[in-house]
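Let me begin by presenting the structure, written as structure tokens, before commenting on it.
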There are 4 protein chains.
Amino acid sequence: MPPFPTYTRPDFTRPDLAAAPPARTEAAPRDGVLPAGFHATSNHPEYVHLGGGRWLLAAESRMDAVFILEGNTLRTVEPRLVMEGERVVVGRTENGEEGIFVHTTGFDAPTETAEDKFAFRSRGTRETPFSRSYDELYDILRHDRENGHIVWVLGPAVAFDRDSRDAMARIIGAGYCHALLAGNALATHDLEAALFHTGLGQDIYTQALLPRGHYNHLDVINEVLRHGSMEQAIAGLGIRDGIIRACLERRVPVVLAGSIRDDGPLPGVITDSRQAQDAMRIHARRATTVIALATQLHAIAVGNMTPGYRVLDDGTVRPVHFYIVDMSEFIADKLANRGSAQARAILTNVQDFMVNLWHNLRG
Amino acid sequence: MPPFPTYTRPDFTRPDLAAAPPARTEAAPRDGVLPAGFHATSNHPEYVHLGGGRWLLAAESRMDAVFILEGNTLRTVEPRLVMEGERVVVGRTENGEEGIFVHTTGFDAPTETAEDKFAFRSRGTRETPFSRSYDELYDILRHDRENGHIVWVLGPAVAFDRDSRDAMARIIGAGYCHALLAGNALATHDLEAALFHTGLGQDIYTQALLPRGHYNHLDVINEVLRHGSMEQAIAGLGIRDGIIRACLERRVPVVLAGSIRDDGPLPGVITDSRQAQDAMRIHARRATTVIALATQLHAIAVGNMTPGYRVLDDGTVRPVHFYIVDMSEFIADKLANRGSAQARAILTNVQDFMVNLWHNLRG
Amino acid sequence: MPPFPTYTRPDFTRPDLAAAPPARTEAAPRDGVLPAGFHATSNHPEYVHLGGGRWLLAAESRMDAVFILEGNTLRTVEPRLVMEGERVVVGRTENGEEGIFVHTTGFDAPTETAEDKFAFRSRGTRETPFSRSYDELYDILRHDRENGHIVWVLGPAVAFDRDSRDAMARIIGAGYCHALLAGNALATHDLEAALFHTGLGQDIYTQALLPRGHYNHLDVINEVLRHGSMEQAIAGLGIRDGIIRACLERRVPVVLAGSIRDDGPLPGVITDSRQAQDAMRIHARRATTVIALATQLHAIAVGNMTPGYRVLDDGTVRPVHFYIVDMSEFIADKLANRGSAQARAILTNVQDFMVNLWHNLRG
Amino acid sequence: MPPFPTYTRPDFTRPDLAAAPPARTEAAPRDGVLPAGFHATSNHPEYVHLGGGRWLLAAESRMDAVFILEGNTLRTVEPRLVMEGERVVVGRTENGEEGIFVHTTGFDAPTETAEDKFAFRSRGTRETPFSRSYDELYDILRHDRENGHIVWVLGPAVAFDRDSRDAMARIIGAGYCHALLAGNALATHDLEAALFHTGLGQDIYTQALLPRGHYNHLDVINEVLRHGSMEQAIAGLGIRDGIIRACLERRVPVVLAGSIRDDGPLPGVITDSRQAQDAMRIHARRATTVIALATQLHAIAVGNMTPGYRVLDDGTVRPVHFYIVDMSEFIADKLANRGSAQARAILTNVQDFMVNLWHNLRG
């Protein structure tokens, strides 16, 4: 049995929903500009009424997008990608009265009461017990290795420590990662560790700051640029370990999004933020589980574009799991406050998280 | 008297420096690729020896750039902007022995002893006394309003509170801001506050979450896109307050750098991270004081590109002040650990910081 | 009009409450031991049914205490102070069905709906707007200076900075403090500042660490012990400023509770935690407003013993305001999670908080 | 070979030390009052000169105590325990010139240079690599299980999670804990977990908040009080798991220090802070390794009283290891700033720390 709840579709024969009008649309007045009253999507399953009791479930949804409804085809599109004249669904109610129904209870257990729900709503802190969150995560990862799409979103800290970097590489090697989303720094520090055993000049095992170690990451970037690509550099420099190399070996796609903080950047980093969003969104669409580690920027970016559910090829609707692993209650709260309802925070150091995780996954 | 120390030039008649060889250069092998052994700049004043006792001080320096030396002209250039064949200074010592001298004590008081320096090196925490830091900051801002270039780097939190948003707008109006560097979110939330009196749907005065308030920032973005630009939107929508409007009114340049977290983005946001770095660098070069508020991403980006000193038009060398105002010791430490030696952290809430600051500046 | 809502008593003619049985009691089996099924108090107004429609409101309540009901007298007593044979109210329901009614809506505005309440329930973070919280606080303090009992709970950080220490002393001098609860460290650092202008050896204005400055706090403690009391030391050493001296001058009671972290402690510090709780409770009972600054230990201790309301001499029931000012979401959450429902967190540095507050109060 | 450096005694034949005068003493003027100019101890090895080249090493030292020198006997005594007339060593220099020598380099490797030392001085953050710190800790614990005295200082968080509570109990059971120092809350929550599988009413595995779960910790306290002691309660209530029970079973001494935050407290909690300090100090004196988890109050208290070294029965001098495991850079910095030089911070969640630790210790 899969380690997640079964989805219950809404009962569209319910009187209020049976009486619902079809959803209305308005044409986009210009490329990237929405008609007034546009409906913005949540990350819950949402249905649009075509009329006559025919409701369409949005596939590949995400937060803060809009619906383009043309004929019987419903697409979820980021506002900036809407084209002039496309028919945008309008209406800001969620209960069907405008032909839009946001289904917030589809994954609830049948017997679950309001009180049960309340019981689990306490917000996590560093003192929250995480034992069960871990056990659930192990189950989900074991299931999704073969039957899902596991997306990792990594901040650079995971490469700053020998043991966590090794653990991440092994997790990739064992098939638990179907896509890696990160920034220039993760890749740079991972390659610095491979070439110099340091991260920003500090030994990743002993913590010693090496003399002139601050040159290491600049040298790494220069070496990769000299080779022309990360692939060629890894081959040419004889790199035999690390996170990026594990991805190349397993042919796991890596999307590196640029930022204004970057040195370099490395070849392959996507420096335009909209292009980077598009490249990340390909994996967010397919994700069944996302694990975001020690990165506020990337975790929020991916959280924004990851739906709360996925429609599988056979039509099954399943939840998408989203884990944020970070040291800071503030960051976990920030994600929760933005409406990433399914986000589950584990407040800890990513090094320990990675080491623990690999220990449990390898069995 | 200006509120900062006088600069003392190195004594190049000192035997070790008098004996220094001229700096060596190597040609860049390809656009964006450096020769082996390249010298990376710090944010201290650095001198390059031309030979015969002639030393050039790098103007417009920054961290982790390289020197291009052609004839008697010394330029500080980011590695990615180096062109094939340009002569890059090589050498990784800092004491003159390869013709490169990093002058770390130029701003020390003449009588200052090693013990004095030690005395001030204790790292700040939330319990550090900040009274004098504030008094110094007021003096510097009063001086630099007429005689310097004050660059503000703003995270969105400054727009989430009525009083801090007002204070920032007044500070701009009073001439204490020569350039504003921020992201899409700051501008969006500032305009949302102008139109709806909310930030992400929460009233910026009462804290009340408004029904359907989460639409506000999407509506703001859509309105601005509909108008075509922030300028046109501010005029067309009759916006009369806020940070962005204050900048437009005072003709203070605003650089908005995009990120993968952005909704929209607003027109005018620079979505390519390298172009954004170039646009930000124009102001970082000229900065005499930088104040970075509640933004890890932008603070580190600007910290990386801001020199520790500036050579004024009359040849005077003065320090560049860099303040980081944030709630988190971690972020302040991170900046300090990256070598932003001149960075001074004030650990507090930006709302209180802004209100306090305006209260003191307006006298 | 007082700056807080009017209290609405429960409607005991409501059918369910009209049908309520009298509350039951059981004898305490031994000093400090409760009968099974004891009722534990919350910090909401609670009523106990004597029978015949006569309900008693608990005066001087607090969280996690019990009710002793003898005849028509209802006392709220900490479990450890219950004496063998006393009649303890039993019953764990809150809706009247066992004769106990917890009135959670007494301070709600009459027109307030469930949705309104939800709207204000978002948890504060460092990005929450605090403008209105400040305005309300100023109003409350102005009101309670004459018409209430303002209790300050201070961590040592308030004495580490010249300006915040001065602000606190002035606030006391201006009558805005009716009792001061703190630990040994606050008093020690305040007196160290008076004698040496340092806090733990660091200058409270310049941040300079003074040579052998670590002796300062030990010398202060020794001097006070030599004089025999803080009063005598302040007179004998000619201390003319600071928080403790302001309290002595205004005859504001100071309760200093000891802890295992203490050096010394100073004479007057209550080293037994139960005696300290008893001494603190005297002021918590009378409090109409509590402001806890930068102290996790004392804030939680006082939060536990402060009721959410007070019955004034004329029978009026008013809310007790409880402000926690701290840098850490974790601590604010911790207090909120413990049921201190009325606690309002302001996430900022106490130095700025104090300076801002005094600036506005002296207005 | 033991997993720590060999101690090198000072060379008292060095001219400056050979010329040192004997240390001076002054009589304490009154119980608990020190003579002016008293010498305060650090947590480095300190030697007192008796004259004639005879130097005594202080055994059982601690920070901020004084030396009582009587004849050839040197005792390290907390100021409050000094008795009238006792001879207190005076002098505030550390280099021998007043007959007091603080030996800060005794545990340095012979070949270690100033630059090496600098290299390791970078302050830890959540991004610091901890792999080697863990490996060292495992080695130390394996060594000290038989050949040392391991003191654990526990905050309540370790009992809030099923897996970390189990891990701690097993670590005690396996002999890796010679004394447990904690507060009332740790014991209360551990027993609540044993009786109800909750911590403050929240399931320690599932995170579910149980209805009326807030009564659990009050009921636990009442039950233990009813039984008269923790020992009797554990027997009488049939408690079979947990941290306190593991200590009783292995006859590991438990010191529970009271605080003003306590409910109850449980019988056995020492409510007077000076008596609690005395009871804790017995174990701090003997400690060879201290591990302080998720408790600011107790970690600082124990840090203050734990020497940086221990003189073993055979005269060998060895370092005392002091680990602080916490989520907050602020707390780690605070301990380091107080002079607990040997303190090593591991910034992580204690739950993961415990689970990782047990996994590695059990091999």
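The values are calculated or read from the model by the stated rules, or taken from the named source; none is laboratory data. Every value quoted in this text rests on a predicted model; they were computed, and no experiment measured them. Note that each Cβ is placed from the backbone with ideal geometry, even for glycine, and that neighbours are counted across all protein chains shown. To get the accessible areas, we keep the full protein, side chains included, count just its heavy atoms, and leave off ligands, DNA and RNA. Shrake-Rupley method; radii C 1.70, N 1.55, O 1.52, S 1.80 Å.
Observations
- Label-point distances for A:R9 to the equivalent site in the other copies, using a point 7 angstrom along Cα→C-beta, read 5.8, 8.3, 8.7 nm when ranked shortest first.
- With 20 Å bins from 0: P(r) over chain D, alpha-carbon pairs, percent: 27, 53, 19, 1
- Label-point distances for B:G85 to the equivalent site in the other copies, using a point 7 angstrom along Cα→C-beta, read 5.0, 9.5, 10.7 nm when ranked shortest first.
- From largest to smallest, the equivalent ellipsoid semi-axes obtained for the range A:174-255 from the alpha-carbon gyration tensor read 22, 15, 11 Å.
- Net charge contributed by nearby residues that have their C-beta within less than 15 Å of C:L312 (K/R +1, D/E -1): 0
- Seen against the Cα atoms of chain D and their longest principal axis, helix D:296-305 is set at about 30 degrees.
- Accessible surface buried upon A-B contact (total; probe 1.4 Å; Å², nearest 100): 4000 Å²
- Distant-in-sequence amide H partners of C:S42 (H built 1.01 Å from N, under 5 Å): C:D64
- All other residues whose Cβ lies under 11 angstrom from that of D:V255 are scored, Lys and Arg at +1 and Asp and Glu at -1, for a net of 0.
- Averaged per residue, the protein assembly as shown has 37 square angstrom of accessible surface, using a 1.4 angstrom probe with ligands and nucleic acids left out.
- When you restrict to C-alpha pairs under 8 Å that are six or more residues apart and normalise by the size of the range D:131-361, the relative contact order lands at 24 percent.
- For C:D203, net neighbour charge (Lys/Arg +1, Asp/Glu -1) across residues whose Cβ lies under 9 Å away: +2
- Put a dot 7 Å past the Cα of C:D278, heading toward its Cβ, do the same for A:E60, and the two dots end up 7.3 nm apart.
- Pairwise inverse Cα distances across the range B:1-156, averaged and inverted, put the Kirkwood hydrodynamic radius at 18.1 Å.
- Think of it as helices only: each DSSP H run of n ≥ 4 in chain C is worth -39500 (n - 2.57), and spread over all residues that comes to -10500 deg cm²/dmol at 222 nm.
- Helix A:131-147 vs. chain A, principal-axis angle (Cα, 0 to 90°, nearest 10): 80 degrees
- Intensity falloff of the range B:15-102 expressed as log10 I(q)/I(0), Debye formula with alpha-carbon point scatterers, at q = 0.17 Å⁻¹: -0.60
- Amide H within-cut-off set for A:I324, under 5 Å, with H built and near neighbours excluded: A:A292, A:R344, A:A345, A:I346
- Cα centroid of the range A:53-69 to Cα centroid of the range D:248-315, whole Å: 60 Å
- Distances between equivalent label points of D:D314 across the copies, with each point positioned 7 Å along Cα→Cβ, amount to 6.9, 7.4, 8.1 nm, shortest listed first.
- The alpha carbon centroids of the range D:174-195 and the range C:1-35 are separated by 36 Å.
- Hz values of 3J(HN,Hα) by residue in the range A:87-99 - Karplus curve (6.51, -1.76, 1.60), Gly and Pro given as x: 8, 9, 5, 10, x, 10, 9, 10, 9, x, 5, 10, x
- Acute angle (nearest 10 degrees) that the helix D:184-196 long axis makes with the longest principal axis of chain D, alpha-carbon atoms: 30 degrees
- Start at zero, step by 20 Å, and the Cα-Cα distances of the protein assembly as shown spread as 9, 35, 40, 15, 2, 0 percent across the bins.
- Whole-percent carbon and sulfur share, accessible surface of the range D:1-59, 1.4 Å: 57 percent
- Rounded to the nearest Hz, the phi-derived 3J(HN,Hα) couplings of the range A:236-241 under the Karplus curve 6.51 cos²θ - 1.76 cosθ + 1.60 (θ = phi - 60°) are x, 9, x, 6, 10, 9, where x marks glycine and proline.
- Closest approach to the axis - chain D beta-carbon, rotation onto C, Å: D:D272, 2
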